[in-house]
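Please read the structure below before turning to the comments.
The values are calculated or read from the model by the stated rules, or taken from the named source; none is laboratory data. None of the values given here were measured: they were computed from a predicted structure. Heads up, the Cβs are rebuilt from the backbone with ideal geometry, glycines too, and the neighbour counts pull from every protein chain shown.
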Amino acid sequence: MKKKLVICFFICLTTLTAFSQTKVVDEIIFGNVSSEKKHHFSEKASEVITGGLNEVARRLLPINSERVEGGNVTFRMEVDPVKQNYFTVRFWGSDSGNSNILILFCEGKQIGYRHLGDYDMLDIANEDAPFPGRFTYTTLPLPLKMTQGKKEIELSIRSTGTIGRYGETFDKYQKPMVEPTKAIYKGYIHTEECFTPSKKEKQGTEPLELQPRTVPGEEVLEEVKQHVNKELDRLLAKDNLSQDELWVLSSAYRITWTNVYKDALIIKKVIDGADKYYERFQKEPKSVYVGSWVTTGPLCIAIYQFIPEISKVLDKEMPNGKTRRENWGEMFEKCVDYAKTHRRQYTNQSMIVDLHLYSVNRVLAIINPEKALPMYQTLRYLYESMGMVPWLGSEMPDGPAMPLKDDYFQLTGKGLSKELGYVGGYGEILNWMTLIYEITGERGIVDTRDPLIRAQLLKNMKARSYFRYPALDNEGFPAMRAEAVVGWRDHGSYPGNILYGEKGFTRETTPTMATASTLDSDAIAFVQQMMEDNQYFAVVKEKMKDLSLNSTQILMRIPDEYELVKKQPRQEGKLPMSKGMPDVLFADEEVGVVALKNDDEILYASLYWRANYAVNFLARVHYITPEIDRVATVFQDIKYTDSGFKYIRPERINLFFSDGRDFYPGIQSAHTGEELPIAKVPDGIRYEPGKENVYAGKGDFYTLRYGKYLIGMNCTKNRTFDLEIPKAKQILSFPSKELVKGKTLLVKPMTTVVLIVE
């Protein structure tokens, strides 16, 4: 099909001055009798409270007899009959929300999808307070088809408990609502993308002269040792250990402060464990590897720690008359064959599969080399997952599958993972990159590790550093938090976790893992900033609440990592978004994301936003100022190359990306039937309209106007585009702050420009 360039301006850019308040079509004050009466208000299971800054508000309550829904409120509001309307809600930033979900309904139909939709829920809270002492505002667009030609519409806000994202049954997926929601203060209808409240509204102020927390301190390290040793003692006394438990024990074998340091019983347990895995393999071969991302990877990591000792027993016979070398070799060969033919596209998953594939093949090459893949082949798999060479997919009888051709990289050129756009929590992959880096060398010997993998790891770390912003922890102390509001695969991540160099809260990583492994100067600076804020021990102490095996494996690393990093000289610099750091603009056109710091303002935007199936004309924004925090899903202008195919949104209210887990009968989506264009998928890639694809919703050129910021992003490799400049008093090029004149600005291939319109 011949390429055809379609220029699609979905909504016109506004020319409002930067600091003027938004013109409001209508406004409701929740809890105010007069305002609610004016808007034909009704409610079920709610209560009026006096909340932040003594403002009146409502919060929705659990209903004991209801399994899915809590309280709700219904009201009517005026709308613009022609323009695109937005609904914005005002929340108090000190409220956590108790992990409840607030859902907006328009004319009785649900706005957004309950899990990972391009139209998101009105609020998916977690246990942290997003913006203590100040107000936050969340904005969603109303379907144009529901407001056109009308002067008013009916809106509802309903509540429900949190969802268990991976739950396969209703009981595991939908959790009951047991506590009140966060309070709802006001609702606004407006037609501008960026909502700026009236100056008459109270906003609170940023806390001044914040002091770092004073506790906890180094005593946490002793608590870690006691916790880990207790778990190690339990494992050592246990029979029939899993491969993950064997991995934990083998890791502890050479750590001097553990109770199992150089305990020969661990070697015996690893050998016995491998024998038992073979017995399982002998009875049901596929049970060892089918459906698994790791196959026998953890077991082989444990075996590798003791190759000299295990080599002495490899040629001893097992009950079937064959040697361990033969039996184990057969099992590991099957695991390698399975892993290489079941590689996964999403970056973190690809790394997990290939890390363990490499580990199994490394042991196989020692005990039965004729059955192993060449080292260069499994090293290439690691390079593919690390985004260093093109990712070619699973091995097929006639060669690599190449589902995304031979030029798709797992990381962008600037170092972010591609899954499909920008991802927050799942994009924090430094732990997997570090494990891959470490596994390419001998234990603890840095000089034997792959230097190219190290360089790629550090590129990712520095790209991710732009996505940590200054905030407060739950006790009001200064901290850096991870940006996840604009992440494709992030659910209930507002605010993000406390995070400096790498995520430390989760069970799979420490705050110092990559830093201790590389001793890179920037990595050290980020950890030193965390320690100066005294957030390091607070994060470690929080990690200890996780009693999982993965947590034990990771906690074991912390004492020695801490001592190593502590000895390093103070490095210059801080995380780029830290207070007092220079203005900065980071944009990655391959995943369509922007991060900028302008004085004391921070703006994050996903322009390529959850467009799994087609061009959706939506952007996701997180705009942080000292007084106000905004989360918004808004329309933008997109130029794209048309495929000629269309995507029609199906009747779906839960998983945007799947028709599974249809647990909510009787509820209809406000988006059903919306027709969207599908962008042209490159020639040579197998594609079926209506299926998820990294290219189907990708635009060529994005134009987003949000408040005083005008963003133009060129995502093509060989074309230029004109960014139309609106009329205004003055327009500054950011971050240079040079005056821009003219009617258009040329945006070159794979570049992003940001203008400040005043």
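What's the number of the condition F195 fails, among (1) buried (at least 21 other Cβ atoms within 10 Å of the Cβ); (2) farther than 22 Å from L122 by Cα?
F195 satisfies all of (1) buried (at least 21 other Cβ atoms within 10 Å of the Cβ); (2) farther than 22 Å from L122 by Cα except (2).
May I ask you to list pairs of residues, at least six apart or on different chains, whose Cβ atoms are under 6 Å apart, with the first in region 55-83 being under 19 Å from I189 (Cα atoms) and the second being aromatic (F, W, Y) and part of a loop (DSSP other than H, G, I, E, B)?
What qualifies is A57/F30; A57/Y185; R58/F30; F75/F41.
Quick check on region 636-655. Is at least one of its residues closer than 24 Å to P197 by Cβ and modelled with pLDDT of 95 or more?
Yes; the residues of region 636-655 include at least one that is closer than 24 Å to P197 by Cβ and modelled with pLDDT of 95 or more.
Given the conditions (1) under 30 Å from R481 (Cα atoms); (2) over 24 Å from the mean Cα position of the chain (by Cα), and given that P81 satisfies all but one, which numbered condition is not satisfied?
(1)
Select from region 504-524 the residues that are assigned to a helix (DSSP H, G or I) and out of contact with any Phe, Trp or Tyr (no Cβ under 9 Å at 6 or more places or on another chain) and list them in ascending order.
The answer is M513, S521, D522, A523, I524.
Can you tell me which residue is nearest to S606 (Cα to Cα) among those in region 703-758 that are small (G, A, S) and surrounded by 22 or more Cβ atoms within 10 Å (Cβ to Cβ)?
For region 703-758, the residue satisfying everything is G712.
Suppose we keep only residues that are more than 26 Å from R481 (Cβ to Cβ) and small (G, A, S) within region 108-158. Which one would you say is surrounded by the fewest Cβ atoms within 10 Å (Cβ to Cβ)?
Ranking the qualifying residues of region 108-158, first place goes to G149.
Residues checked against (1) under 21 Å from T633 (Cα atoms); (2) in contact (Cβ under 8 Å) with a residue 24 or more places away in the chain:
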| residue | (1), (2) |
| --- | --- |
| T169 | no, no |
| Y173 | no, yes |
| H190 | yes, yes |
| E193 | yes, yes |
| P197 | yes, yes |
| E206 | no, yes |
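Just checking, does region 29-39 include any residue being among the polar types (S, T, N, Q), at pLDDT 95 or above and assigned to a loop (DSSP other than H, G, I, E, B)?
Scanning region 29-39 turns up at least one residue that is among the polar types (S, T, N, Q), at pLDDT 95 or above and assigned to a loop (DSSP other than H, G, I, E, B).
Would you check if E442 is acidic (D, E) and outside any loop (DSSP other than H, G, I, E, B)?
Answer is no for this residue.
Against the condition under 25 Å from H115 (Cβ atoms) and touching a Phe, Trp or Tyr at 6+ places or on another chain (Cβ under 9 Å), how does G501 come out, does it pass?
Judged against the criteria, G501 is not a match.
Against the definition (in contact with a strand residue (DSSP E or B) (Cβ under 6 Å, 6 or more places away or on another chain) and either within 30 Å of V485 (Cβ to Cβ) or part of a loop (DSSP other than H, G, I, E, B) (or both)), how does G413 come out, yes or no?
So G413 does not fit the description; no.
Inspect all residues belonging to region 566-575 and state whether any of them is outside the structural domain of L235 (by TED's automatic domain parsing), within 30 Å of L221 (Cα to Cα) and under 22 Å from the mean Cα position of the chain (by Cα).
yes
Can you name every residue in region 228-243 that is assigned to a helix (DSSP H, G or I) and surrounded by 18 or more Cβ atoms within 10 Å (Cβ to Cβ)?
Of everything in region 228-243, those that are assigned to a helix (DSSP H, G or I) and surrounded by 18 or more Cβ atoms within 10 Å (Cβ to Cβ) turn out to be V228, E231, L232, L235, Q243.
Looking at E206, is it in contact with an Asp or Glu (Cβ under 8 Å, 6 or more places away or on another chain), surrounded by fewer than 20 Cβ atoms within 10 Å (Cβ to Cβ) and charged (D, E, K, R)?
When the stated conditions are applied, E206 passes them.
Among residues belonging to region 635-677 that are under 26 Å from the mean Cα position of the chain (by Cα), aliphatic (A, V, I, L, M) and under 15 Å from Q110 (Cβ atoms), point out the one that is surrounded by the most Cβ atoms within 10 Å (Cβ to Cβ).
I653
Confirm whether Y253 is within 21 Å of S551 (Cα to Cα), crowded, with 16+ Cβ neighbours inside 10 Å and among the aromatic types (F, W, Y).
Considered against the rule, which asks whether it is within 21 Å of S551 (Cα to Cα), crowded, with 16+ Cβ neighbours inside 10 Å and among the aromatic types (F, W, Y), Y253 comes out as yes.
Wholly within region 686-758, which strands (runs of 3 or more DSSP E) include no fewer than the required count, namely at least 1 residues that are within 20 Å of D588 (Cβ to Cβ), small (G, A, S) and without any contact (Cβ under 8 Å) to a residue 60 or more places away in the chain?
Passing ranges, in order: 709-714, 731-734.
Here is a list of conditions, (1) more than 15 Å from L246 (Cβ to Cβ); (2) touching a helix residue (DSSP H, G or I) at 6+ places or on another chain (Cβ under 7 Å); (3) assigned to a helix (DSSP H, G or I), and I303 meets all of them except one; can you say which number that is?
If we test I303 against (1) more than 15 Å from L246 (Cβ to Cβ); (2) touching a helix residue (DSSP H, G or I) at 6+ places or on another chain (Cβ under 7 Å); (3) assigned to a helix (DSSP H, G or I), just (1) comes out false.
Could you check region 107-222 for strands (runs of 3 or more DSSP E) lying wholly inside it with 1 or more residues that are within 25 Å of the chain's Cα centre (by Cα)?
Where strands (runs of 3 or more DSSP E) fall fully within region 107-222 and carry at least 1 residues being within 25 Å of the chain's Cα centre (by Cα), they are 135-141, 152-160.
Can you tell me which residues in region 491-540 are modelled with pLDDT of 95 or more and among the charged types (D, E, K, R)?
Once the filter is applied, which keeps residues that are modelled with pLDDT of 95 or more and among the charged types (D, E, K, R), region 491-540 yields D520, D522, E532, D533.
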